[in-house]
């Protein structure tokens with residue numbers, strides 16, 4: 001059994017790519033990787049404690065591992081002050 005994806009060139013969701021690669025923008029990123037159910041549960045728990053809105057997370061995107069998904073939350077940082 002191989003860990004390689006069935007289609008190695010599957011594109012990632014544009015919002016996920018943007019959240020992972022936003023160059024030049026000071027930002028903090030929280031990345032959740034796991035099953036769809038686990039990620040959805042964590043996102044809703046974080047919303048319940050007013051950490052982040054559910055809609056602030058990227059869409060769930062499959063990873064190369066069977067049954068595994070990824071979602072990203074990106075928050076801009078205030079500029080560093082000297």
(request) Identify all residues within the range 3-42 that are more than 15 Å from residue 61 (Cα to Cα), at pLDDT 70 or above and touching a strand residue (DSSP E or B) at 6+ places or on another chain (Cβ under 8 Å); write none if there are none. (result) 25, 26, 27, 28, 29, 42
(request) Quickly run through the range 43-61 and pick out the residues that are out of contact with any strand residue (DSSP E or B) (no Cβ under 6 Å at 6 or more places or on another chain) and not in a helix (DSSP H, G or I). (result) 49, 50, 51, 53, 59
(message) Take the residues in the range 62-82 that are part of a loop (DSSP other than H, G, I, E, B) and within 21 Å of residue 25 (Cα to Cα); name whichever of them is modelled with the highest pLDDT.
(response) 77
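The values are calculated or read from the model by the stated rules, or taken from the named source; none is laboratory data. Keep in mind that what you see is a predicted model, and the values were worked out from it rather than measured. Using ideal geometry, Cβ is built from the backbone for each residue, glycine included, and neighbour counts are taken over all protein chains shown.
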